[in-house]
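The structure is given below, and queries will be raised subsequently.
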Amino acid sequence: MTAADLLTDEEGLLPGGPRLALRRAGEGAPGRPFLLVHGLASNAKVWDGVAKALAAAGREVAAVDLRGHGLSEDTPDTYSTEAAAVDLAALSGLLGWTGDRAPVVAGQSWGANVVLALAAEHGGVAAVACLDGGWGWLGAQFADFDSCWRALAPPSFDGTHWADVESWLRTAHPDWPSEGIRGTLGNLVELPDGGVRNRLTRAHHREILHSLWADDPRLLYPRVIVPVLLMPAGSGHGGRSAGAIAEALTLLPKVKTSEYADADHDLHAQHPERVAQDLLALDAWADGESA
């Protein structure tokens, strides 16, 4: 069975908000559902391998395209970590994922900041997973936003063709399953001449990056009272993220780690089965907390 066989594309119009596209699996399955949130300039399809594994374990899953990303509505304004968290809170209500059905939420990279903000500011979640994100603060790394933007602005794809991007991805990530490659290609739009562009506009990318520079995630930690799993990739505890991870371990009330020492930043694309197992273990921990 492939992810395409398993997953359905839907969209929901949030009350007073944008129309968000979803990738859903395992609908109607018993137990606590999982809400999966992508990173900056990414999309829901990158979660396909994880969603397939969770659904095969008998769980209900929704991976969401945040506003301006993937197939979701490109609203003219309001792009920030907090705006995305507000959208997720409304989406959970729309899905009926409240009370005993409050989901385990997992976010990768910027998505980790979003799910932490959701848990701290809005509640309604059973547990939080942070995949290679949610720690560290760009405001501590860059004295002003202009220097931050110069360093982290997205690349231009002028003169690049879709086939070249696909070939590069397969060469650069030979150990990624096909769902991870296809999902990553979903970050781009193929143009009529075979060229590509980012789905997320450059202006909206800048707005979100500004929120990452302006908002210190450490201020959220004490208010996240549900279990949190930190899932650092690559060097993790031993690299430049070590200090930020150590702070998170100190400030988050209920926290564990699962380190992916040899993984890429998109560890959900690279290791979907292991990520799914970690999320199921997090769900079991949340069950123990609520027992």
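The values are calculated or read from the model by the stated rules, or taken from the named source; none is laboratory data. The structure displayed is predicted, hence computed values, not measured ones. Here the Cβ positions follow ideal geometry from the backbone for every residue, glycine too, while neighbour counts run over all protein chains shown. We work out accessible area using only protein heavy atoms, side chains counted, and drop any ligands, DNA or RNA first. Shrake-Rupley method; radii C 1.70, N 1.55, O 1.52, S 1.80 Å.
Pop out the ³J(HN,Hα) list for the stretch 224-234 in order, Karplus 6.51 cos²θ - 1.76 cosθ + 1.60 with θ = phi - 60°, rounded to Hz; leave Gly and Pro as x.
Coupling constants for the stretch 224-234: 8, 8, 8, x, 10, 10, 8, 10, x, 10, x Hz.
Distance from the Cα centre of the stretch 83-107 to that of the stretch 129-154, in angstrom?
Rounded to whole Å, the Cα centres lie 26 Å apart.
Which of L35, L267, L95 ends up with the largest GNM mean-square fluctuation for the chain, with Cα atoms connected below 10 Å?
L95
Are there chymotrypsin sites (Phe, Trp or Tyr not before Pro) in the stretch 104-209 that DSSP marks as loop and that have at most 13 other Cβ atoms within 10 Å, and which are they?
Qualifying residues, ordered by number: none.
Using a 10 angstrom cutoff on alpha carbons, build the Gaussian network for the chain and name the most mobile of A276, A41, A163.
A163
Which whole-Hz couplings ³J(HN,Hα) result when phi for each residue of the stretch 34-45 is put into the Karplus expression 6.51 cos²θ - 1.76 cosθ + 1.60, θ = phi - 60°, listed in order with x for Gly and Pro?
Result, rounded to whole Hz: 10, 10, 10, 10, 7, x, 4, 6, 9, 6, 5, 5.
Follow-up question, since we're still on this one. Taking all protein chains as present, what is the carbon and sulfur share of the accessible area of the chain, in % to the nearest whole number, probe 1.4 Å?
C and S fraction of accessible area: 52 percent.
Relative to the Cα centre, what is the charge dipole magnitude of the chain, using +1 at the beta carbon of each Lys and Arg, -1 at the beta carbon of each Asp and Glu, and rounding to the nearest 20 debye? If you can, show how the numbers build up before the last one.
On the way: 22 positive and 38 negative charges, 72 e Å.
With Lys and Arg at +1 and Asp and Glu at -1, about 340 debye.
Which whole-number value in Å² is the accessible area per residue of the chain, probe 1.4 Å? Walk me through the numbers on the way to the answer.
On the way: 12170 Å² over 291 residues.
I get 42 Å² per residue for the chain.
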